[in-house]
Amino acid sequence: MKNLTRQNSGYTEKLPIRVIQFGEGNFLRAFVDYIIDKLNKEAHFNAGVAVIQPLANGLIKMLNEQDGLYNLFLKGIKNGSETEEIHTISCIQQGINPYEDYTSYLALAKEEALEFMISNTTEAGISYDDQDTLEGAPHNSFPAKVTALLYKRFSHFEGAADKGLTIIPCELINHNADTLKKIILQYADLWKLSDAFKSWIENHNSFHNTLVDRIVPGYPKDDIESYQSQLEFKDNLIVSAETFLLWVIEGGAALKEKIPFHKIEENILVVEDMQPYRTRKVRILNGAHTTMVPFSILYGNDTVKETIDDTFTGRFVRDAVFNEINPTLDLSDEELKVFADAVFDRFRNPFIKHQLSSIALNTVSKFKVRVLPSLLEYKEKYNRLPFNLTFAFACLIRFYKGNYKEQPLPVQDDAEVVAVFNKAWSSNNFNHIAHEVLSYVSFWDQDLSKIDGLEASIVKALELIDIHGIEEGYNNFKEL
């Protein structure tokens, strides 16, 4: 079987670079690149994508070996019937690793046709690092890389109003575009860039807050032979995803004119205020994911579907959502129930093997955004801690020990985060461990050891997990 390349497959059309995309991972390739590809094929969007590898280790080399091509398998339920689709995605024209070729990265600033910038660097990606300098090659933070490129574009085109970019970040933090813009302007001040540049950022670049929703298990390693047998060419970057898709983007008529979303049949909403959509989705769907990951891995499950189908773990997640998360949301009970029921149907998708380990990346920052607000608002509303979310928090802390029952755990996080947990666990004292983690303000933006009863509850849960394991430990914890 020949390898998937443009020469072998016949996808030889050259598209102008209109989009810079930070991130080459499964989600963006199954979500944004799928949309751009569909716009190209059905709405004559004519947009080529240049993909930037945001971290030192990534998939750009493999992506370039396939000339930016890969196959997307969509499987799920549509109108009550099972459906499967295969799409060869061809919009990516170039992949750049700025850690090896910073010159080519900055050269993108000179692209005449460039109009859009899209990103998904995880919740931890939109951050400020005051050690970054304008001359950094490359910079530590994603916003610093963006600022340097925008400044290069501003300088090259002498501040031309029509050379600003439409910036659409997809990181799952609230006000993601507003936050990115704020940090870009911070770097402009730190690097003493001109007022004219800052005015160009403010007036000639548009920033759009977003909400994205599609479950993307990624590379189907367990069934790769079955997937590969359906293709004509060998593809090392196959990605699988559910058919469901939701993209909510804050914007108006100008954005609708720039991108003809209305010409393709996808669930993309351009709205004035995305907050009601965001809160519902982040707390219920993403909150359920982050709640279940450490808990379910420690229990012994491998996938989301296994977790939901299992009597014990399925009930745990369902109780967390319906009894502890939904009651904190300011929407009608019926609306929340309908949405949550749909989420659990998606979790049970028979086509999707969503590995829990693939959701484990940066669990601490995800927990802060997705789960902690529900836990704290429940405590404030009912003057007691929610059993399941609190136990899930203890499971997170236990997960970050890095091993369980003499087996390694798929901890994937920044070195600083892992170091804090390693130091705490070196004491082998549950009181010390709980206090160190809860009081580490950098993790939670507050000292959680001051929340009445939380530290004691975490300590007790850790003790019960250590003595009895997950299921018996949880049952004993709930009886306290």
(request) Would you please name the residue that is surrounded by the most Cβ atoms within 10 Å (Cβ to Cβ), looking only at residues in segment 326-365 that are touching a strand residue (DSSP E or B) at 6+ places or on another chain (Cβ under 9 Å) and part of a helix (DSSP H, G or I)? (result) 363
(request) Kindly establish whether residue 383 is outside the structural domain of residue 211 (by TED's automatic domain parsing) and over 23 Å from residue 284 (Cα atoms). (result) no
(request) Test residue 249 against the stated conditions and say whether it is in a helix (DSSP H, G or I) and either in the same structural domain as residue 366 (by TED's automatic domain parsing) or at pLDDT 95 or above (or both). (result) no
(request) Name, by its number, the condition in (1) touching a residue at least 24 places away in the same chain (Cβ under 8 Å); (2) in contact with a strand residue (DSSP E or B) (Cβ under 8 Å, 6 or more places away or on another chain) that does not hold for residue 104. (result) (1)
(message) When you scan segment 400-412, do you find a residue that is under 20 Å from residue 282 (Cβ atoms) and either within 20 Å of the chain's Cα centre (by Cα) or at pLDDT below 95 (or both), even just one?
(response) no
(message) Please go through segment 452-462 and give me each residue that is crowded, with 17+ Cβ neighbours inside 10 Å and not hydroxyl-bearing (Ser, Thr, Tyr), ordered by number.
(response) 454, 455, 458, 459, 460, 461, 462
(request) Scan 8, 40 and give me the residue that is surrounded by fewer than 18 Cβ atoms within 10 Å (Cβ to Cβ) and touching a residue at least 12 places away in the same chain (Cβ under 8 Å). (result) 8
(request) For residues that are more than 23 Å from residue 412 (Cβ to Cβ) and of a type outside the set (Gly, Ala, Ser), scanning just segment 297-315, find the one that is modelled with the lowest pLDDT. (result) 309
(request) Select from segment 394-429 the residues that are in a loop (DSSP other than H, G, I, E, B), of a type in the set (Gly, Ala, Ser) and out of contact with any Pro (no Cβ under 9 Å at 6 or more places or on another chain) and write down the one among them that is surrounded by the most Cβ atoms within 10 Å (Cβ to Cβ). (result) 427
(message) Name the residue that is nearest to residue 72 (Cα to Cα), counting only residues in segment 252-265 that are part of a loop (DSSP other than H, G, I, E, B) and modelled with pLDDT of 95 or more.
(response) 264
(request) For segment 13-126, please list each of the strands (runs of 3 or more DSSP E) lying entirely inside it that holds at least 2 residues being over 30 Å from residue 201 (Cβ atoms). (result) 70-78, 81-89
(message) Within segment 167-218, take every residue that is touching a Leu at 6+ places or on another chain (Cβ under 9 Å) and of a type in the set (Asp, Glu) and give me the one that is nearest to residue 73 (Cα to Cα).
(response) 213
(request) Could you pull out the residue among 35, 86 that is of a type in the set (Val, Ile, Thr) and farther than 21 Å from residue 169 by Cβ? (result) 86
(request) Check off (1) assigned to a loop (DSSP other than H, G, I, E, B); (2) touching a Pro at 6+ places or on another chain (Cβ under 6 Å); (3) of a type in the set (A, V, I, L, M) for residue 137 and give me the number that stays unchecked. (result) (2)
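Of everything in segment 293-325, what is polar (S, T, N, Q) and not in a helix (DSSP H, G or I)? Give them in sequence order.
Passing the criteria: 301, 303.
The values are calculated or read from the model by the stated rules, or taken from the named source; none is laboratory data. Note that the structure is predicted; figures quoted are calculated from it, not measured. Every residue, glycine among them, receives a Cβ derived from its backbone with ideal geometry; neighbour counts consider all protein chains shown.
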